[in-house]
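The values are calculated or read from the model by the stated rules, or taken from the named source; none is laboratory data. Treat the numbers as computed from the prediction; the structure is a model and nothing was measured. Glycine also receives a Cβ, built like all others from the backbone with ideal geometry; neighbour counts cover every protein chain displayed.
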Amino acid sequence: MLLPHLFSQESTIVPITVKNPIVEMDGDEMTRIIWKMIKDVLILPHLTIDLKYYDLGVKHRDETEDRVTSDAANAVKQYGVGVKCATITPNAARVKEYNLKQQWKSPNGTIRSVLDGTVFRKPIIVKNIPPAVRSWKKPISIGRHAYGDIYRSVEYKVPGPGTAELVFTPANGGERASFTVHEFKGPGVIMGIHNTEKSVRSFARACINYAVGEKIDLWFGAKDTISKIYHAFFKEVFDQEVGARKAELDRLGIRYRYMLIDDAVAQIMKAEGGMLWACMNYDGDVMSDMVASGFGSLGLMTSVLVSPEGKYVYEAAHGTVMRHYYEHLKGNPTSTNSVASIFAWTGALARRGELDGTPGVTAFARRLEAIVVRTIEDGVMTKDLAAIAEPKVDKHALTREFIDEIAARLTRDRDEKKI
Ligand SMILES: NC(=O)c1ccc[n+]([C@@H]2O[C@H](COP(=O)([O-])OP(=O)(O)OC[C@H]3O[C@@H](n4cnc5c(N)ncnc54)[C@H](O)[C@@H]3O)[C@@H](O)[C@H]2O)c1
């Protein structure tokens, strides 16, 4: 769709052609609103692009018995690059609110299962948004292992006295192994969790690849002093994989550090950043929000799922910004930060350009990113950033105003450079 007001009448510049498709996954609530704005004013007027559209909005997931989510993930397998809007993971309240047939699984969980990927989160650094942690000068990227542990657990509410056991029965008819977990004297809870060597190994490899790609140090933390088999297994696999690439890491000056997870947390608060922090699934879930808020706002945190086959899904790390959506529905003005969603698009475009060998597409993405950062540094920003900007800004931009400002600058820049 072309928005005529964005172009000077005599502009003869033709949109840049994106060679291969990108899988677009639409989402929910306020992020769905900003998603459409971004697409209409920042993407479509500048690019000729084949978007394979999947509506992952919760109503459509419900209508399709959630088939649309696995269809979208399979499309990413086919085309290699996807861009995803934030989506609701229904809980009981959401089932009622949206009148859903059931509590559908987390779309991100489904996509991760199909692609078996690792999620990397990286904050966007803007000069006038100082991190809450004074020592942080460079981005801290977080690699979250996206398979298993408590996210694939079996849980049981123990009703009363009895024995909880851990039993493994070998498929080849070998000897069963059994261990007592606890002799319950009264009610309680138990949980069984697992991971697989294949998944842990591909996680370690993905983290090494990411550190090599970004030329940054790699940290890994676990609790192997307490969990001498489960957590220690992760450490052993990392040691082996890092060992196998030692010469390359040494040549690039990339250091690998293993720490106890509590030590890693303490060290990260004093570090200046510029590393990939590889985290087990739950640690990554929690620590990425801590790092995001430490760098200023969830609205400045980007996220990419990378599969071992080199398939990519880009998204903002934040959710659907429900509170703003309710205000929007009431007709009240909102000031929702669209930066991480814009960077989801630019991440996907830059990657598409690299995979297709079309540097013009990658350059467009990087230009748009630079314009977004420059706009904030010029003092135009949404409320979440205005509250923490230094120097202070008196007036914040509304959701649409911010995106329109970027659009105007992007068009001006394009016309000036005759790109
Ligand atoms: N990747 C995803 O698709 C994803 C991730 C997390 C949550 N969710 C879903 O999002 C919904 C809302 O969850 P939540 O409230 O816990 O998380 P959220 O990220 O939407 O909001 C958390 C807090 O951060 C603020 N915030 C987040 N992003 C912002 C932005 N761009 N601009 C301004 N403020 C922003 C919100 O106002 C809120 O106070 C839930 O239904 C959840 O399932 C989806």
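The sole residue among Gly162, Gly174, Gly186, Gly148 that is farther than 30 Å from Leu305 by Cα, among the small types (Gly, Ala, Ser) and surrounded by 10 or more Cβ atoms within 10 Å (Cβ to Cβ) is Gly162.
Scan the stretch 164-175 and tell me whether some residue there is of a type outside the set (Phe, Trp, Tyr), in contact with a Pro (Cβ under 7 Å, 6 or more places away or on another chain) and over 28 Å from Val265 (Cβ atoms). Within the stretch 164-175 (the criterion being of a type outside the set (Phe, Trp, Tyr), in contact with a Pro (Cβ under 7 Å, 6 or more places away or on another chain) and over 28 Å from Val265 (Cβ atoms)), the answer is no, since none of the residues qualifies.
Mind listing just one residue for me: the one in the stretch 373-405 that is among the aliphatic types (A, V, I, L, M), assigned to a helix (DSSP H, G or I) and in contact (Cβ under 8 Å) with a residue 60 or more places away in the chain and, of those, nearest to the ligand (Cβ to nearest atom)? The qualifying residue nearest to the ligand (Cβ to nearest atom) is Leu385. Applying the criterion of being of a type in the set (Lys, Arg) and over 12 Å from Cys207 (Cβ atoms) to the residues of the stretch 234-246, the residue that is surrounded by the fewest Cβ atoms within 10 Å (Cβ to Cβ) is Lys246. Taking the criterion of being more than 7 Å from the ligand (Cβ to nearest atom) and touching an Asp or Glu at 6+ places or on another chain (Cβ under 7 Å), the residues of the stretch 314-345 that qualify are Tyr325, Thr334, Phe343, Ala344. Among the candidates Ile226, Ile208, the residue that is of a type in the set (A, V, I, L, M), under 24 Å from the mean Cα position of the chain (by Cα) and on the phi < 0 side of the Ramachandran plot is uniquely Ile208.
Here Lys157 passes the criteria (1) assigned to a strand (DSSP E or B); (2) closer than 30 Å to Leu305 by Cβ except the one numbered (2).
For the criterion of being farther than 20 Å from Ala206 by Cβ, among the hydroxyl-bearing types (Ser, Thr, Tyr) and at pLDDT below 95, Ser297 passes.
The strands (runs of 3 or more DSSP E) located wholly in the stretch 190-309 that include 2 or more residues which are of a type outside the set (Asp, Glu) and within 16 Å of the ligand (Cβ to nearest atom) occupy 301-306. Checked against the criterion of being at pLDDT below 95 and in a loop (DSSP other than H, G, I, E, B), the candidates Ile88, Ile129 yield just one match: Ile129. Ala408 - would you say it is under 30 Å from Ser113 (Cα atoms), touching a residue at least 40 places away in the same chain (Cβ under 8 Å) and not aromatic (Phe, Trp, Tyr)? Criteria not met by Ala408.
If the requirement is being over 26 Å from Glu390 (Cα atoms), in contact with a strand residue (DSSP E or B) (Cβ under 8 Å, 6 or more places away or on another chain), surrounded by fewer than 23 Cβ atoms within 10 Å (Cβ to Cβ) and at pLDDT 95 or above, which of these qualifies: Leu218, Leu249? Being over 26 Å from Glu390 (Cα atoms), in contact with a strand residue (DSSP E or B) (Cβ under 8 Å, 6 or more places away or on another chain), surrounded by fewer than 23 Cβ atoms within 10 Å (Cβ to Cβ) and at pLDDT 95 or above holds for just one of Leu218, Leu249, which is Leu249. If you filter the stretch 71-128 down to residues that are among the basic types (Lys, Arg) and within 10 Å of the ligand (Cβ to nearest atom), you find that the one that is surrounded by the most Cβ atoms within 10 Å (Cβ to Cβ) is Lys84. Evaluate the stretch 282-291: report whether one residue or more is of a type outside the set (Phe, Trp, Tyr), modelled with pLDDT of 95 or more and under 21 Å from Lys198 (Cα atoms). Yes - at least one qualifying residue is present in the stretch 282-291.
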